[in-house]
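The values are calculated or read from the model by the stated rules, or taken from the named source; none is laboratory data. Quantities reported herein were computed from a predicted structural model and do not represent experimental measurements. Neighbour counts run over all protein chains shown; Cβ positions are idealised from the backbone, glycine included. Accessible surface is based on the protein model in full, side chains and every heavy atom, while ligands, DNA and RNA are left aside. Shrake-Rupley method; radii C 1.70, N 1.55, O 1.52, S 1.80 Å.
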Amino acid sequence: MPREFLELLGKGDLTEIGLGDHTSGAMTIMFSDIRGFTSLSETLAPEETFDFINMYFGKISPIVREYSGLVDKYLGDAIMAIFPRSPEDALRAALAMRERLAGLNGSRTEA
């Protein structure tokens, strides 16, 4: 469990969490997925699909953290992230993700 989740719950470590522990507050939630992933994955072998999605998450997920966000979960080819500080963090992360994606797409077409 990421340290940031523990902080949001006001807990020092995982052993302090109990069933039903929760917190509430204003935060921004971002969902991001890969456009056309189903069609793309149909052209790849299972190993290639696995390698592709891991490469993608490896390049995109750190951006969420760079902008004070937390990846809440991975849903197939999608990322659900929360940004507890401000909506601007989520917007900046989304712009940085688009920029990184442009580089990834460029390197894929060159290969």
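Within the range 62-78, the residues that satisfy the criterion of being open to solvent by less than 70 Å² (accessible area, probe 1.4 Å), within 18 Å of Pro2 (Cα to Cα), of a type in the set (A, V, I, L, M) and outside any helix (DSSP H, G or I) are Leu70, Val71. Basic (Lys, Arg) and not in a helix (DSSP H, G or I): does that describe Lys59? Considered against the rule, which asks whether it is basic (Lys, Arg) and not in a helix (DSSP H, G or I), Lys59 comes out as no.
Looking only at the range 48-60, count every residue that is under 20 Å from Arg85 (Cβ atoms) and surrounded by fewer than 17 Cβ atoms within 10 Å (Cβ to Cβ) and tell me the total. First the steps, then the outcome.
Of the range 48-60, the ones under 20 Å from Arg85 (Cβ atoms) are 60.
With the extra rule that they be surrounded by fewer than 17 Cβ atoms within 10 Å (Cβ to Cβ), the set shrinks to none.
So the count comes out to 0.
Scoring Phe50 on the criteria (1) in contact (Cβ under 8 Å) with a residue 12 or more places away in the chain; (2) more than 11 Å from the chain's Cα centre (by Cα); (3) closer than 24 Å to Pro2 by Cα leaves a single failure, condition (1).
Is it the case, given these coordinates, that Leu104 is at pLDDT 95 or above and either among the hydrophobic types (A, V, I, L, M, F, W, C) or out of contact with any strand residue (DSSP E or B) (no Cβ under 7 Å at 6 or more places or on another chain) (or both)?
Working: at pLDDT 95 or above: no; either among the hydrophobic types (A, V, I, L, M, F, W, C) or out of contact with any strand residue (DSSP E or B) (no Cβ under 7 Å at 6 or more places or on another chain) (or both): yes.
In short, no.
Within the range 83-100, the set of residues being over 16 Å from Asp72 (Cβ atoms), among the aliphatic types (A, V, I, L, M) and in contact (Cβ under 8 Å) with a residue 12 or more places away in the chain comprises Ala96 only.
Only one residue in Ala81, Ala94, Ala90 is at pLDDT 95 or above and not in a helix (DSSP H, G or I). Which one?
On the way: Ala94 fails: not in a helix (DSSP H, G or I); Ala90 fails: not in a helix (DSSP H, G or I).
After ruling out the rest, the residue left standing is Ala81.
Okay, residues lined up against (1) closer than 24 Å to Gly25 by Cβ; (2) small (Gly, Ala, Ser):
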position: Glu48; (1), (2): no, no
position: Phe52; (1), (2): no, no
position: Met55; (1), (2): no, no
position: Lys73; (1), (2): yes, no
position: Ala78; (1), (2): yes, yes
position: Pro87; (1), (2): yes, no
position: Glu99; (1), (2): no, no
position: Ala102; (1), (2): no, yes
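The number of residues in the range 1-47 that are open to solvent by less than 50 Å² (accessible area, probe 1.4 Å), without any contact (Cβ under 8 Å) to a residue 40 or more places away in the chain and part of a loop (DSSP other than H, G, I, E, B) comes to 4.
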